[in-house]
Amino acid sequence: MRVLISAGEVSGEMYGAQLIEALRRRAPDTEFFGVGGDRMRSVGCDTVVDAHEIAVVGLTEVISSLPRIWRRFHHLLDAIDLRRPDVAVLIDFPDFNLRLAKQLHRRGIPVVYL
């Protein structure tokens with residue numbers, strides 16, 4: 001099984017890492033990739049996009065970061081098209097993850113939003 005997991009904030013990454021650990025106990029061969037940071041990497045998630053690259057706060061920071069966020073979003077979509085996950089788990093981070101959910105839906109990939 002291949003699982004896309006996207007957690008763009010520290011709290012979401014904590015839940016993502018716990019979910020990966022729990023799923024690995026049941027299905028050790030499960031592959032995880034997506035958006036996260038050090039904690040999710042430490043439990044075996046291939047972070048295609050580092051959460052620190054897209055998690056910004058404040059209007060001016062968001063505006064100045066939009067080109068980078070847009071590039072990272074499309075980099076993630078390329079990885080999704082290449083790796084074809086069986087399911088996607090999107091954790092919080094609605095500005096990013098709800099846009100991602102729309103793209104996943106278009107690709108016929110089931111989405112679980114936490």
Mean Cα-pair separation over length for the chain, i.e. relative contact order, pairs under 8 Å, 6 or more apart, %: 31 percent
Percent of alpha-carbon pairs separated by more than 15 Å within region 50-111: 53 percent
Nearest 10 degrees, 0 to 90: helix 59-83 Cα axis against the chain principal axis: 30 degrees
Directionally averaged projected area (convex hull, Cα atoms, region 1-86), nm²: 5.4 nm²
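Bear in mind these aren't lab numbers, they're just calculated from the coordinates by the rules spelled out. Model, not experiment: these values are computed from the prediction.
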